[in-house]
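Rule-based calculations on the coordinates, nothing more; no lab input. A quick note: this is a predicted structure, and the numbers were derived from the prediction, not measured. In this analysis, Cβ positions are derived from the backbone assuming ideal geometry, glycine residues included, and neighbour counts consider all displayed protein chains.
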Amino acid sequence: MAHVVDLNAYLQRIGHDGPLAADLATLRAIATAHVAAIPFENLDPLLGVTVSVEPEAIERKLVDQRRGGYCFEQNRLLMEVLKAIGFEVSGLIARVLWMQPEDTIAPQTHMLLRVELDGASWLADVGFGSMALSGALRLQPQVEQATAHEPFRLLNHGGDWRMQALVRGEWRTLYHFDLQPRPLIDYQVANHYSSTYPGSHFTQGLIVARTLPGRRLGLRNREFAVHPLGGESVRRTLASTAEIKAVLQEEFGIRLPAGAELDRRLAALPRPA
């Protein structure tokens, strides 16, 4: 029997108590509340724990256990929620170019969603960590589009779409993708690579992010950063395991997994030179 998402539990998890309908206002409100409440985090890959992309396991982890996750978990959960509300949704897959040259040949390791509304297509993406999309973008090239945070835009060159954000006055590419809907097996393969391959950055260090009203939070290994909209970032280094755990719990709202392995892995995180 197919899993049915507990919509009420999800809405309580993200703190959304507004109207629900298969419309643009709901899509934007859900996406914005989701990225504020459910953090991006890679604790399972860091700990060597298998990451499941099955809806029941994702809901148990992100909703019931009050954990976070990465794109294959975040956007798969959002897909199930949107379908339960009545949206027409399909999954896409992208090659990440964030912090890399534009001509980088990257693997397909990022999931995003395409949503059909009143004859128009929109993109939703609550799983891109430090640049998670707070809202939705119309699938329309060369147009700057406002979100609850930075402006975004899409470029299209012969069917190769690029997602860009305006960061400190510069358009920067997050990833590129095509519009072919993807079956679950593509995400299973990409998830296995991302969460187990020794060269994957998800297995090598701590990556956590949260997108709150007016600011973004980020944690990369021991560096905790607050990025206010329109202001200068504030950074500090977390010296001890206790400090890291406190930030994970208090700033990112993560209910930490039990066990000594977490302390061991956090203690082993590299320190700034």
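For the reader, a short list of remarks on this structure follows.
- Check on Ala33, free of Cβ contacts under 8 Å to residues at least 24 places away in the same chain and surrounded by 19 or more Cβ atoms within 10 Å (Cβ to Cβ): yes
- Filtered by the rule that a residue be assigned to a helix (DSSP H, G or I), out of contact with any Asp or Glu (no Cβ under 7 Å at 6 or more places or on another chain) and closer than 19 Å to Gly218 by Cα, the range 55-71 gives a lone residue, Cys71.
- The sole residue among Gly231, Gly253 that is at positive phi and under 24 Å from the mean Cα position of the chain (by Cα) is Gly253.
- Qualifying positions in the range 134-146 - surrounded by fewer than 18 Cβ atoms within 10 Å (Cβ to Cβ) and under 19 Å from Leu229 (Cβ atoms): Glu144, Gln145, Ala146
- Any hit, the range 8-20, residues being in contact (Cβ under 8 Å) with a residue 40 or more places away in the chain and crowded, with 20+ Cβ neighbours inside 10 Å: yes
Let's see how each residue does on (1) farther than 26 Å from Ala136 by Cα; (2) without any contact (Cβ under 8 Å) to a residue 40 or more places away in the chain; (3) charged (D, E, K, R):
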{"position": "Pro183", "(1), (2), (3)": "no, yes, no"}
{"position": "Tyr187", "(1), (2), (3)": "no, no, no"}
{"position": "His192", "(1), (2), (3)": "yes, yes, no"}
{"position": "Ala209", "(1), (2), (3)": "no, no, no"}
{"position": "Leu229", "(1), (2), (3)": "no, no, no"}
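- Candidate set: the range 72-111, residues that are assigned to a loop (DSSP other than H, G, I, E, B) and of a type in the set (Phe, Trp, Tyr); chosen: the one nearest to Ala22 (Cα to Cα): Phe87
- The number of residues in the range 107-120 that are without any contact (Cβ under 8 Å) to a residue 40 or more places away in the chain and touching a strand residue (DSSP E or B) at 6+ places or on another chain (Cβ under 7 Å) comes to 3.
- Conditions (1) farther than 29 Å from Gly15 by Cβ; (2) more than 17 Å from the chain's Cα centre (by Cα); number of the one not met by Phe224: (1)
- Which listed residue, of Ser121, Ser130, Ser134, is part of a strand (DSSP E or B) and of a type outside the set (A, V, I, L, M): Ser121
- Some residue of the range 60-73 being surrounded by fewer than 19 Cβ atoms within 10 Å (Cβ to Cβ), of a type in the set (Lys, Arg) and free of Cβ contacts under 8 Å to residues at least 24 places away in the same chain: yes
- Residue within the range 49-57 that is surrounded by 21 or more Cβ atoms within 10 Å (Cβ to Cβ), farther than 17 Å from Ala190 by Cα and either touching a His at 6+ places or on another chain (Cβ under 8 Å) or among the aliphatic types (A, V, I, L, M) (or both) present: no
- All conditions but one from (1) over 22 Å from Val189 (Cβ atoms); (2) buried (at least 22 other Cβ atoms within 10 Å of the Cβ); (3) touching an Asp or Glu at 6+ places or on another chain (Cβ under 9 Å) apply to Gly127; the one that does not is (1).
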